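Below you'll find the structure, written out as structure tokens, and then a few comments.
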Amino acid sequence: MLDQEIKSALEQQESLRQAVIAHDELPNDIRTVAGVDVAYEKNSNRLVAAVAVLDATSLKVIQIASYHGEATFPYIPGLFSFRELPAVLAALEQLAAKPDLLVCDGQGFAHPRRFGLACHLGVATGLPTIGCAKTRLLGEYAPLAADRGSYQNLMDNGEVIGRALRTQTDKNPVFVSVGHKVSLETATAWALRLTPTYRLPETTRAADHAVKELLIQCG
């Protein structure tokens, strides 16, 4: 049964990635930007997903929506979105209004089959989406300058799949990639805009804080 699930997921990735739009189709005036995160109860498939919506100018949290449930797809490298996407979509449905831009703490195009969580979430919702990951999944990049805003293209077999971006001087880079309806240039600009003080985007920090608080409440 598991082999069939994996086969089906791989086929879906191959099919759905054709729908990814890698150029800008964002609203002219982006007023809200949201981060998403999923956390698991210890030694369990029970999970909580949260969406943190921020004002795009002030970066203040406007709304938190959440979903409690259980992961039904196993943890398999490269198929991570199939485990977490249902919970994230359920949390998004709780929002009063859809955000103008989604930022995932994970990969988008910088994925072995060019269809990470940010791509999957963007195609599933139709919303502009960016991948901004803490760690690199694959690809190589040249040495980065130490200054905030420095970046190098992330390359895989001669293809640009994302960027290693220094969001804070002398801090480790984040890994930015296209999700859906956002170009790599625009994704890079937003990653910097969302990191005025810390290495990780304020969207990611807010969503991470939300799921941790929700897990404490569950416990």
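Dipole size in debye (nearest 20) for the range 108-179 around its Cα centre, Lys and Arg Cβ +1, Asp and Glu Cβ -1?
Result for the range 108-179 is approximately 160 debye, rounded to the nearest 20.
What shape does the range 32-141 take by its C-alpha gyration tensor, where a ≥ b ≥ c are the square roots of the eigenvalues and a/c under 1.5 counts as rounded, a/b above b/c as prolate, and the rest as oblate?
Here the range 32-141 falls in the oblate category.
Need the full-extension length gain, TYR198 to VAL160, defined as separation in residues times 0.36 nm minus the C-alpha distance. One decimal, nm.
Fully extending the segment from TYR198 to VAL160 adds 11.1 nm.
Starting from the range 69-110, pick out the GluC sites (Glu not before Pro) whose DSSP state is loop and whose Cβ has at most 12 other Cβ atoms within 10 Å.
Passing sites in the range 69-110 are GLU93.
Out of the total accessible area of the chain (probe 1.4 Å, heavy atoms of protein only), what percent is carbon and sulfur?
That share works out to 49 percent.
With each run of n ≥ 4 DSSP H residues scored as -39500 (n - 2.57), what mean residue ellipticity at 222 nm is computed for the chain after dividing by its residue count and rounding to the nearest 500 deg cm²/dmol?
-9000 deg cm²/dmol
Could you work out the longest stretch of the chain that avoids the chymotrypsin sites (Phe, Trp or Tyr not before Pro) located in DSSP loops with at most 15 other Cβ atoms within 10 Å?
My reading of the result: 76-197 is the longest stretch.
What distance in nm lies between label points placed 7 Å from Cα along the C-beta direction at ALA146 and GLN63?
Each label point is offset 7 Å from its Cα along the Cβ direction, giving 4.4 nm.
Please check: in the Gaussian network model of the chain (C-alpha springs, under 10 Å), which one of ALA49, ALA146, ALA97 has the largest mean-square fluctuation.
For the chain, modelled as a Gaussian network with Cα springs under 10 Å, the answer is ALA97.
Which residue, PHE73, VAL20, GLN94, has the largest displacement toward the positive end of the dipole of the range 1-146 when charges sit on each Cβ (Lys, Arg +1; Asp, Glu -1)?
The one lying farthest along the dipole's positive direction is PHE73.
For ASP3, ASP156, ASP29, what's the largest-to-smallest order of accessible area, 1.4 Å probe?
Ranked list, largest accessible area first: ASP3, ASP29, ASP156.
How would the range 1-46 be classified by its alpha-carbon gyration tensor: rounded, prolate or oblate, with rounded meaning a/c under 1.5 and the a/b versus b/c comparison settling the rest?
It comes out oblate by the Cα gyration axes.
In the structure shown, do any of LYS42/LYS98; LYS60/LYS212; LYS98/LYS171; LYS7/LYS171; LYS60/LYS181; LYS7/LYS98 have a Cα-Cα gap over 29 Å, and if so which?
Those over the limit are LYS42/LYS98; LYS98/LYS171; LYS7/LYS171; LYS7/LYS98.
Using a 7 Å offset from the Cα along the Cα-to-Cβ direction at both SER15 and LYS98, what is the distance between the two label points in nm, to one decimal?
If labels sit at SER15 and LYS98, their model points lie 2.1 nm apart.
Which of VAL176, LEU85, ALA145 sits closest to the plus end of the dipole of the chain, meaning its Cα is farthest towards the positive end, when Lys and Arg get +1 and Asp and Glu get -1 on the C-beta?
Among VAL176, LEU85, ALA145, the one farthest towards the positive end of the dipole of the chain is ALA145.
Under a crude label model (7 Å from the Cα following the beta-carbon direction), how far is ALA90 from GLU41 in nanometres?
With each label placed 7 Å out from Cα toward Cβ, I get 1.2 nm.
Per 0.36 nm of contour for each residue apart, how much would the distance between HIS23 and ILE76 grow if the chain were fully extended, relative to their Cα-Cα spacing?
16.2 nm
Per residue, what accessible area does the range 95-147 have, given a 1.4 Å probe and all protein chains present, in Å²?
With all protein chains present, the range 95-147 gives 36 Å² per residue.
Pick out, in residue order, every one of the trypsin sites (Lys or Arg not before Pro) in the range 20-80 that is DSSP loop and has at most 16 other C-beta atoms within 10 Å; say none if there are none.
When the trypsin sites (Lys or Arg not before Pro) of the range 20-80 are filtered for loop state and at most 16 Cβ neighbours within 10 Å, ARG31, LYS42, LYS60 remain.
Quick one: dipole size for the chain, taken about the Cα centre, charges +1 on Lys/Arg Cβ and -1 on Asp/Glu Cβ, in debye to the nearest 20.
Dipole of the chain, to the nearest 20 debye: 380 debye.
Return the single residue from HIS111, HIS209, HIS120 with maximal mean-square fluctuation; model: Gaussian network over the chain, springs between Cα atoms under 10 Å.
Maximum among the listed residues: HIS209.
Report, in order of residue number, the helices in the chain meeting two criteria: a C-alpha extent of 15 Å or more along the helix axis, and a mean Kyte-Doolittle hydropathy of at least 0.5; treat each whole DSSP H run as one helix.
Helices meeting the criterion: 80-92.
Considering only THR135, THR167, THR204, give the residue with the highest GNM mean-square fluctuation for the chain, with springs between Cα atoms whenever their separation is below 10 Å.
Fluctuation is largest for THR135.
The values are calculated or read from the model by the stated rules, or taken from the named source; none is laboratory data. Predicted model only: the values in this text are computed from it and were never measured. Glycine gets a Cβ as well: all are built from the backbone with ideal geometry, and neighbour counts include every protein chain shown. These area figures cover heavy atoms from the full protein model, side chains too; ligands, DNA and RNA do not enter into them. Shrake-Rupley method; radii C 1.70, N 1.55, O 1.52, S 1.80 Å.
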